[in-house]
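Heads up, the thing below is written out as structure tokens.
The values are calculated or read from the model by the stated rules, or taken from the named source; none is laboratory data. All values derive from a computational prediction rather than experimental measurement. Because the Cβ atoms are built from the backbone with ideal geometry, glycine has one as well, and the counts that use them run over all protein chains shown. What goes into the accessible areas is simple: the full protein's heavy atoms, side chains included, and nothing from ligands, DNA or RNA. Shrake-Rupley method; radii C 1.70, N 1.55, O 1.52, S 1.80 Å.
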Amino acid sequence: MGFLDRIEHEEHEQLERIADALEFIGRLLSIYLPQPTQFATGVNGMSLPVSPVAPGTVDTATYTAVDAAGNTVPGAIAFTSTDDTLLTVVGDGSVSGVSVATWTAVAAGSPILTATFTNADGSTVNTGTNDPFTFTIGAAADVAVAVNGV
């Protein structure tokens, strides 16, 4: 092996060691650096009433926070009503990706239910499919029955 061949061989070995070291550093970084956080861009509501409901009706709806690609983002969703005298709502506190809101129609009106998700950076999202959602609560039905035409 000539002098130039030996130098070329040593340079090749050094480059291989550098490549191995960089690969090792990359593995360490992937282990020790936090992974990027998934951010929600919308909150979608399901199982909401499609027609007017009567005061006193109690039911549930499900909500999911989603990212821009439509993937579920786990975390708590907070629920609010624009008027607690017309509609009350309580969330189940789930952080698994699907939150359940139990709502109660209190009195006639058109209150709005809003589901809000808070991302890891503190930004909030409160729009999406059926979010916000306007309830139509009708007056209680008159159950009087005419007797003998009266």
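Filter segment 1-30 down to the residues that are at pLDDT 75 or above and closer than 30 Å to residue 121 by Cα and list them by number.
Within segment 1-30, 25, 26, 27, 28, 29 qualify.
When the residues of segment 87-114 are narrowed to those that are under 17 Å from residue 51 (Cβ atoms), aliphatic (A, V, I, L, M) and crowded, with 19+ Cβ neighbours inside 10 Å, which ends up farthest from the chain's Cα centre (by Cα)?
Top of the filtered list is 105.
With the requirement that a residue be under 14 Å from residue 131 (Cα atoms) and among the aromatic types (Phe, Trp, Tyr), what does segment 57-106 give you?
Of everything in segment 57-106, those that are under 14 Å from residue 131 (Cα atoms) and among the aromatic types (Phe, Trp, Tyr) turn out to be 63, 79.
Out of everything in segment 70-86 that is of a type in the set (Val, Ile, Thr) and closer than 16 Å to residue 45 by Cβ, what residue ends up being most open to solvent (accessible area, probe 1.4 Å)?
So the first thing to find is which residues in segment 70-86 are of a type in the set (Val, Ile, Thr), and the list is 72-73, 77, 80, 82, 85.
Narrowing the set further to residues that are closer than 16 Å to residue 45 by Cβ leaves 72-73, 77, 80, 82.
On the way: 72: 71, 73: 5, 77: 15, 80: 76, 82: 94 Å².
By that ranking, first place goes to 82.
Search segment 55-69 for residues being open to solvent by less than 50 Å² (accessible area, probe 1.4 Å) and outside any strand (DSSP E or B), and hand back the single one that is farthest from residue 110 (Cα to Cα).
Once the filter is applied, the top-ranked residue is 67.
Open to solvent by 30 Å² or more (accessible area, probe 1.4 Å) and free of Cβ contacts under 8 Å to residues at least 40 places away in the same chain: is that true of residue 118 in this structure?
Working: open to solvent by 30 Å² or more (accessible area, probe 1.4 Å): yes; free of Cβ contacts under 8 Å to residues at least 40 places away in the same chain: no.
Taking the combined requirement at face value, the residue does not satisfy it.
Just wondering, is there one or more residues in segment 9-22 that are closer than 22 Å to residue 137 by Cβ and not in a loop (DSSP other than H, G, I, E, B)?
No, every residue in segment 9-22 fails to be closer than 22 Å to residue 137 by Cβ and not in a loop (DSSP other than H, G, I, E, B).
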